[in-house]
Amino acid sequence: MATTATTDAPETSGAFGAVPSFDVTLRIRRFTPELTGAEAYWEEFTVTAYGTDRLLDALHKVKWDLDGSVTFRRSCAHGVCGSDAMRINGKNRLACKSLLKDLNPDKPITIEPIKGLPVIKDLVVDMDPFFASFREIMPFLITTGNEPTKERLQSSAQRERFDDTTKCILCAACTTSCPVFWTDGQYFGPAAIVNAHRFIFDSRDEGAAQRLEILNDKEGVWRCRTTFNCTEACPRGIEVTKAIAEVKRAMITRAF
Amino acid sequence: MSAQTQGAAAIADPGAPYRRRRTTRGNFELYTWVFMRASGAILVLLIFGHLFVNLVAGEGIKAIDFGFVAGKWANPFWQGWDLVMLWLAMIHGTNGVRTIVNDYAERDGLRLVLKLALYAAFIVVVTLGTLVIFTFDPCPAGAPADLLPSFCST
């Protein structure tokens, strides 16, 4: 590290410590019904990017410098708001958490809207069906009796029980990676079940029976085929399929 | 407002909330899910037992002929074994195909047709199979004695 004299330094690096740049091609699935009709099409953009750039930075370059009509959602750009889930090289990822160097920039990077939800424009989809399922499982604390004067106490073990599913940012990467959801969109989807799990296994919550009843539906947890697409897609690393299996088990122990 | 709309095609209210078709709550899918696991485990035992007795035990595969099968179905134990195997396999398989139809058929009409065909095939196979197991005559009149099970000659 101390005395490595390199003669084959990249030509582009003008100064010491400069980040090498490279050209990357983005192949974007575009849908512009107001201009080109109801047919989606592919459009390629080539931008210069740096090794530290994320896919979102490249998309920004496309939108800001090349074609302002390219439309996508993003808000915080740091993997917390869950706005910029998209299908990148066939996998559901957050654009703001995908480094270009990890996506093999030698080949064009395909970017599509997440699958199974109606596309509004380019990469923007109608999230209403997704949030309708989320609302159906009642994602709020349900209690009975008088409210305590102080906070509702919980041991660290009780908190640990549902810790994994509290991380969900509702980006829809899991639900739109699920083949069962793709078919007709009637399935509740992994994200709704994950958020039900977060309350079902919360010791402070008393609505578990109602939530299990809601998910004990023809379109509920029993449509899960454990393909693990959702676990693979989750940008927060939630073990989604495991959470669904735990909800299934809770239903079975309740029924027998 | 009407001046803005070009073309006569009616556009669904863009602000209309998404609705799940209807709630289909109930324990049916729960029971079928549990049944698939339980019947799968039992079927493994039944089928491998069946294969072992027919193909490996005793004289092995050479033993299978009319007499062998007729002899087995004269025994209430093997009648029961084959009946359970038939029913579990048919319900397990039919339910499996039903879930596949639900997963892959997108249009309701296609779903209905496929499921009706599936249930029709189920009824035919289960009825015929059950009938054969219980009404099988191991000693048909006039058949050569060397093809029949040993207990027919007495």
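Give the A-B buried accessible area in Å², both sides summed, 1.4 Å probe, nearest 100.
Summing both sides, the interface buries roughly 2200 Å².
Going toward the positive end of the dipole of the protein assembly as shown, with +1 on Lys and Arg Cβ and -1 on Asp and Glu Cβ, which of B:A38, A:P108, B:M90 do you reach last?
Looking along the dipole axis, the top candidate is B:A38.
In whole percent, and with a 1.4 Å probe on the protein chains, what portion of the accessible area of the protein assembly as shown is carbon and sulfur?
The value for the protein assembly as shown is 60 percent carbon and sulfur by accessible area.
In peptide A:216-229, what is the residue-averaged number of other protein chain Cβ atoms found within 10 Å of each Cβ?
Average neighbour count from other chains, rounded to a whole number: 4.
Report, in listed order, any pair from A:K115/A:K242; A:K242/B:K115; A:K115/A:K248; A:K61/A:K97; A:K63/A:K97; A:K115/B:K115 with a Cα-Cα distance greater than 20 Å.
Long pairs (Cα-Cα over 20 Å): A:K115/A:K242; A:K242/B:K115; A:K115/A:K248; A:K115/B:K115.
In straight Cα distance, which aspartates and glutamates are under 20 Å from A:K150, not counting same-chain residues fewer than 8 positions off?
A:K150 reaches A:D202, A:D205, A:E206.
How long is the gain from A:E147 to A:W42 if the chain were fully straight, where each residue apart is worth 0.36 nm and the alpha carbon distance is subtracted?
32.2 nm
For labels at B:N27 and B:L116 in the simple 7 Å Cα→Cβ model, what's the distance in nm?
For B:N27 paired with B:L116, the spin-label model returns 3.2 nm.
What nm value, rounded to one decimal, do you get for the distance between B:M36 and B:D137 when each label is placed 7 Å out toward the C-beta?
Going from the B:M36 label point to the B:D137 one covers 4.4 nm.
Scan around A:S83 for amide H atoms under 5 Å from its own, H built in the peptide plane at 1.01 Å from N, and keep only partners 5 or more places away or cross-chain.
A:S75, A:C76
Can you tell me which of B:T99, B:T130, B:T24 moves the most in a GNM of chain B? Springs connect C-alpha atoms under 10 Å apart.
B:T24
If I take R0 = 60 Å and measure r between the Cβ atoms of A:T166 and B:H50 in this structure, what FRET efficiency does the formula 1/(1 + (r/R0)^6) give, to the nearest 0.05?
0.75
Expressed as an acute angle from 0 to 90° and rounded to the nearest 10, what is the orientation of the C-alpha long axis of helix B:108-135 relative to the principal long axis of chain B?
Helix B:108-135 and the main axis of chain B meet at about 10 degrees.
Quick one: 3J(HN,Hα) in Hz for segment B:77-87, Karplus 6.51/-1.76/1.60 with θ = phi - 60°, rounded, Gly and Pro as x.
4, 6, 4, x, 4, 5, 5, 4, 4, 4, 5
So what J values fall out for segment B:56-68 if you push phi through Karplus, 6.51 cos²θ - 1.76 cosθ + 1.60 with θ = phi - 60°, rounded to Hz, Gly and Pro as x?
Those phi angles translate into 10, 5, x, 7, x, 5, 5, 6, 6, 7, 4, x, 5 Hz.
I'd like the chymotrypsin sites (Phe, Trp or Tyr not before Pro) in segment B:80-154 restricted to DSSP loop residues with at most 15 other Cβ atoms within 10 Å, sorted by number.
For chymotrypsin sites (Phe, Trp or Tyr not before Pro) across segment B:80-154 that sit outside H, G, I, E and B with at most 15 neighbouring Cβ atoms in 10 Å, the list reads B:F136.
Pop out the ³J(HN,Hα) list for segment A:94-108 in order, Karplus 6.51 cos²θ - 1.76 cosθ + 1.60 with θ = phi - 60°, rounded to Hz; leave Gly and Pro as x.
Residue by residue, segment A:94-108 yields 8, 4, 7, 10, 10, 6, 4, 5, 7, 9, 6, x, 5, 9, x Hz.
Can you give the FRET efficiency to the nearest 0.05 for A:Q210 and A:R249, using r as the Cβ-Cβ distance and R₀ = 22 Å?
0.80
Between segment B:114-153 and segment A:224-246, what is the C-alpha centre distance in whole Å?
If we compute the Cα centre of each part, the gap is 47 Å.
Quick one, can you get me the convex hull of the C-alpha atoms of the protein assembly as shown expressed as volume per residue in Å³?
315 Å³
Picking from A:V19, A:V119, A:V194, which is most flexible by a Gaussian network model of chain A using Cα springs under 10 Å?
The residue with the greatest mean-square fluctuation here is A:V19.
Taking C-beta distances below 4.7 angstrom as the pairing criterion, name the unpartnered cysteines of the protein assembly as shown, in sequence order.
So, A:C96, A:C168, A:C171, A:C178, A:C224, A:C234.
Taking amide H positions as placed 1.01 Å from N in the peptide plane, with prolines and chain starts having none, which residues 5 or more places from A:T110, or on another chain, fall under 5 Å of its amide H?
Close amide H contacts, sequence-distant or interchain: A:R27, A:N89.
With runs of 4+ DSSP H residues as the only contributors, calculate the mean residue ellipticity of the protein assembly as shown at 222 nm using -39,500 (n - 2.57) per run, divided by the residue total and rounded to the nearest 500.
-12500 deg cm²/dmol
Estimate the FRET efficiency between A:K91 and B:D103 by the formula 1/(1 + (r/R0)^6), using the beta-carbon distance for r and 22 Å for R0, to the nearest 0.05.
0.55
Mind checking which aspartates and glutamates have their C-alpha under 15 Å from A:K107, skipping anything on the same chain fewer than 8 residues away?
A:D23, A:E43, A:E44
What does the accessible area per residue of segment A:21-125 come to in Å², with a 1.4 Å probe and no ligands, DNA or RNA counted?
48 Å²
Between segment B:53-104 and segment A:138-196, what is the C-alpha centre distance in whole Å?
Segment B:53-104 and segment A:138-196 have Cα centres spaced 45 Å from each other.
Enter the angle in degrees (range 0 to 90, nearest 10) between the Cα long axis of helix B:28-51 and the first principal axis of the Cα atoms of chain B, meaning the one along which they spread out most.
Long axis of B:28-51 versus the principal axis of chain B: about 30 degrees.
The values are calculated or read from the model by the stated rules, or taken from the named source; none is laboratory data. What you see is a predicted model; the values in this text were computed from it and never measured. Glycine gets a Cβ as well: all are built from the backbone with ideal geometry, and neighbour counts include every protein chain shown. These accessible areas exclude ligands, DNA and RNA; they are computed on the full protein's heavy atoms, side chains included. Shrake-Rupley method; radii C 1.70, N 1.55, O 1.52, S 1.80 Å.
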